[in-house]
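Here is the structure we will look at, set down as C-alpha cells.
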Amino acid sequence: MKKIFLVFLLTFTGTILFSINTNIDSLEAELDKHTGSEKIGILNDLSVALRDISPQKSLEYGTLAFKLAEKSDDKKQLATTLINVGGGHFFLGNYEKALDYHLQALKINLEMNDKPSLANTYNNIGLIYQMLCKHDKALSHFLISLQIERELCNDNGIAKSLNNLGNFYYYMGNYNKALEYYHQSLDIKEKIGNKKDIANVLNNIGIIQAERGNYNSSLEYYLKSLQIEKELGNINGIATSLNNIGLIHANLEDYNKALEYFQRSLSLTMEIGDKCGIANTFINIGNLNLKQKKYNKAYANLNQGLQIAKEIKASGIILNGYLLLSEYYSNIKNYKEAMAHYKLYITEKDKIFNEDNNRQIVELQTKYDLSEREKEIVLLQKDNEIYKLGSEKRNLFIILLIISIILTFALAAFIYYRLKLKANSNLILKREVLDRLTTEKKLKQMLKIEHVISSISSRFIKVEDIDLAINDSLRDIGKICEAGRSYLFLLKENGELMDNSHEWCDAGVSSMIADLKNLSTKYFPWCMDKLNLGEIINESNINDLPEETRVERKILLSKDAKAILILPLRINDSLTGFIGFENIRETKNWGKEDISILRLSAEIMTIYLERKAMEDALHKAYDMLELRVKERTLDLEKINRELQLEIAERKRAEKQLNVSYNRLKKAMEETVNALISAVEVRDPYTAGHQLRVANLSLAIAKEMNLSKKQLDSIRIAAILHDIGKIYIPYEVLCKPDKLTKSEYIMIKNHPLAAYDILKTIEFQLPVAKIVYQHHEKMDGSGYPQGLTGNEIMMEARIVNVADVVDAMLSSRPYRPALDIKEALKELSVNEGKLYDSDVVKACTYLFNEKAFQFEEIKVRKSPR
C-alpha cells in the first residue's frame, strides 16, 4: 500500500517565528525566559517544529500550550493550541481525538470569523475525515477550505488544498482527476518555491504514475521527492519516499531491494512514532513475503500491521490487511479462513465505498464546480456593466459620430465575445457534468459487483443446499454482466466426460442443461487445451473462432450462442470443470469487470468444491476407519490383556526400585553419619561447627527460594564441608600462634582433601564440588582454585557465608568470639567483593528481620 502525502496545516503563532532552519534547542531555551502569551507562542512553535521529527514530543508541547491558553482570554491563541494538539494526535494516528480538538477550534474560529484559520481548520478536518473513510465529509471540508483560500488570494493555501483534493480523488480511484489537481498544485508551489510542498506533490504524482504501470517515471518522481526531503531533514517525508520506492522495486520483482527500502522506512516511522506509517509498512512487508512465498513471515507482518491499523482505525490499511490475509490463507490452503477474511474485506469495503457516500461526493464536486462557474459569470457581468458605464460617460463628452460608430462596433464585438465565451463555458460545464454522471454510473456498477461477490461469499460460507447456492450465484453474475446464459460444467471419469451441472438462463433464453450431460471432452479439443493450461476463453463473436474449433463452433451455434466467456476451475493444479457466460441475442465484448466477477466467482466455487471434495474424502476415510476399528477390536482386546499383565509387572518392578532407592538413601545417610562420627571422634568442635553451618545454610537457601534438590545438596555439603580437616594434625588446628607458611598451606588444602574423600561416594548430588568450592571468594582471592563470580556454584557461596558467620561467633585459639553485629558488618563491608550479594542480603534478613538463632549461641573454644 502506497503512502501518500497529506498536507496538514498547523498554525504558526508566538513571538518567535518558526522556519525550517530554526534550532529547536534555542526555542526550548527561550521557554524559561517568557511567560503568558509569549510562552504559549513558543510552545506552539515547538509543537509545529517537532511535528515531522517527533509527533509525541510535538503533542506534549502542544498540550502544555493548550493548558496555558485555557487560562487566558485570547481566543485566537486558544484555537491555535487546539489545532496543534489535534495535529499531534493526527500524526500519532489518534484520529478520533484529532477530530474532537479540531471541531473545538472550528467553533472558535467561526465565532471570530478568522478566515485564514478557518481555511486551515477546514483542510485539517477534511484530512481527518479522509483517514476515517468518511469521504463525503472529507470532500465538503476540502472544497470549503479551497474556496476560502481563493477568496483570500493565498497561493500557498490554494496549492495545499489542491494537493489534498488530488489525494482525495486518488483514494477514490479517479486518477485523471487526482493528477489534474496535483499539477495545478505543483505549478503554484514551484512559483512560490516551497521545497517541502514541492516534495509532497512530486511524491503524489509518482504514485499516480505507479498506479498506471509507469514504474520508471514513478521512480524518478520518488527520487526527486526523497532528495528534497533529505535536504530538509524531514524524517516523515523520507520514510514515506522510502516506502514508495520499495513498492516500485516490489512491482519490478526486485524483492531484496524492496525489503531494504521497507525496513529503512519502518525504522524511521518507529523512530517518530508514526503508527499509520508503521502499520502501512508492516502490511507492505507482509505482501512482499507473500510474493516470496515466505508464509510464516507474511502472516507475522500482516497481522502486526493489521492490529496497529485497527488500533488507530485506519480503514484503508485495515481493508488491505484483510485482503492480503485472505490471500495468505488461500496460499496455505486454509480456505475457511481465506473465505472469512475475504468476507471481512468485503464488509469493510462496503463501509467505505457505499453508494450513498459516492453519490454525495459526486453531488458535492458538481455543486462546487457550478458555484465556481456562476462566480465567473457574475464577474463577467460586472465587467460588462463597468464597461457600459465608461461608454456612457464618454458619450456625454464625446458626441462625434465616428466615435459612436466605433463604440457600436466595440459593443457588438464584446457581445459576440460574451456569447462565444458563454457557449464555451456551457460546453465545458456540460462535459464535466457528463464526466460526473459517467463516474457515478461506474461507481454504482462497482458497488453492485461488490454486493454480488459479497452475497456469493456469504452463500458458500455456510451451505445448506449446494444446488440452490450455485444456481443463485449463476443468476446474480449472469444478470450483472448482462449475459443470456451462465453455467457450470464439472469433469468426471478422469476428465474424459463432463456434465452441465448447473445453469441460469435469462428471460426468453432456452435451457440447454438436459442436453449437456455425459459429454465426451474429446469433442472440445481446442477449449479443453486452453482450459487445461489455465487460460481464459474470451470470444466476442463465435463466428470468428479459428478453423480448428469447427466442432466447438458447430455445437455453440446450435445453442444460439453469439459470444462466450469461460474460466477454468482448478483444484490442486488439476482441471475439475469450468464456469462461463454465453450471450444469445448478439455479439458482446466482455470487459475487465465481467472477467473479474467471473474469476472471483470461480475462485469462491473452487474453494467450496475443493472443501467438499476433502469432506467427501474424509467421510470415505472415516467409513473405512470404522471398518478397520471393528476388525481390530478383538486384536485390541488381546493387546489390552497383554498390557494389563505388563502394567502389573512394571508396578512390581517399580516397587522393587523404590525399595532399592530407600536402601541407597539409607546407605548414603549412614555414610554421612559415619563421616560425622569420624570427625567427632577426632574433633568435637568441627562436628558441631559443621551442623551449625548446615542449619544456617539451609535457612539462607530457603529464603532465596532454591529448589529441593539444591536444598538437599547444601544440607549434606555443609554437614561435611570440613571433613578434609581430619588430615590436618591436631596441633596445627589448635595452634594459638601464627601459622607458618607450610602450616597455612596445609590448612588451605583441606577442601581438596575433602573433595578426594567425597568424590568416590555416589551421592547423586554435587556434594563433593560444593565442598571443594566453599572457601572460594567472588573476587578470586579464595582457595584452593581461585575461582571468581559465576564460576563458583551458588550452593558453595551460601555455605561460604554461613561458615564465616559461625566461625566469627565462635571462640578461636587466637581470638575471643565476636557478636552477631560484627559478623553482619563483615558481610556488609565485603558484599559483592568476597561474598555474593544475594546471599548476604538473605543472611542479614534472617538475623535482623526473622531473629534467626543457632540451636545454641555461646562462647565456644575451637581449633582453626
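Summary table below
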| quantity | calculated |
| --- | --- |
| Above-threshold pairs, the threshold being 21 Å between Cα atoms, out of K310/K343; K517/K554; K708/K833; K821/K850 | K708/K833 |
| Shape of the range 32-177, Cα gyration tensor, a/c cut at 1.5 | prolate |
| Relative contact order for the range 24-138, counting Cα pairs under 8 Å that sit 6 or more residues apart, in percent | 18 percent |
| Solvent-accessible area per residue, Å², over the range 136-226 with all protein chains present [probe radius 1.4 Å] | 38 Å² |
| Packing-based order for 569-580, 533-544, using average beta carbon neighbours within 10 Å, highest first | 569-580, 533-544 |
| Simple label model, 7 Å out from Cα along Cβ direction - A507 to R475, nm | 1.4 nm |
| Sites L634 and K709 - FRET efficiency at Förster radius 41 Å, r taken between beta-carbons, to 0.05 | 0.30 |
| Calculated FRET value between N541 and Q56, using beta carbons and R₀ = 45 Å, to 0.05 | 0.10 |
| Ranked by how many other beta carbons lie within 10 Å on average, peptides 613-619, 824-830 from highest | 824-830, 613-619 |
| Spin-label model distance (nm) - L643 vs N296, 7 Å beyond Cα toward Cβ | 3.4 nm |
| Carbon and sulfur %, accessible surface of the range 488-557 computed with the full protein complex present, 1.4 Å | 47 percent |
| Cleavage-rule hits, trypsin sites (Lys or Arg not before Pro), the range 169-242, DSSP coil, Cβ neighbours within 10 Å at most 14 | R212 |
| With DNA, RNA and ligands ignored, accessible area of M624 (1.4 Å probe; Å², nearest 10) | 120 Å² |
| Global form of the range 183-338, assessed from the alpha-carbon gyration tensor, a/c cut-off 1.5 | prolate |
| Hypothetical label at D100: residues of the range 308-332 whose amide nitrogen lies under 16 Å (7 Å Cα-Cβ projection) | 312-313 |
| Of all accessible heavy-atom area on the range 246-285, the percent that carbon and sulfur account for (1.4 Å) | 46 percent |
| Filter on K107/K137; K224/K294; K709/K769 - keep pairs with C-alpha separation over 23 Å | K224/K294 |
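The values are calculated or read from the model by the stated rules, or taken from the named source; none is laboratory data. Note that the structure is predicted; figures quoted are calculated from it, not measured. Ideal geometry is used to build each Cβ from the backbone, glycine not excepted, and the neighbour counts take in all protein chains shown. These area figures cover heavy atoms from the full protein model, side chains too; ligands, DNA and RNA do not enter into them. Shrake-Rupley method; radii C 1.70, N 1.55, O 1.52, S 1.80 Å.
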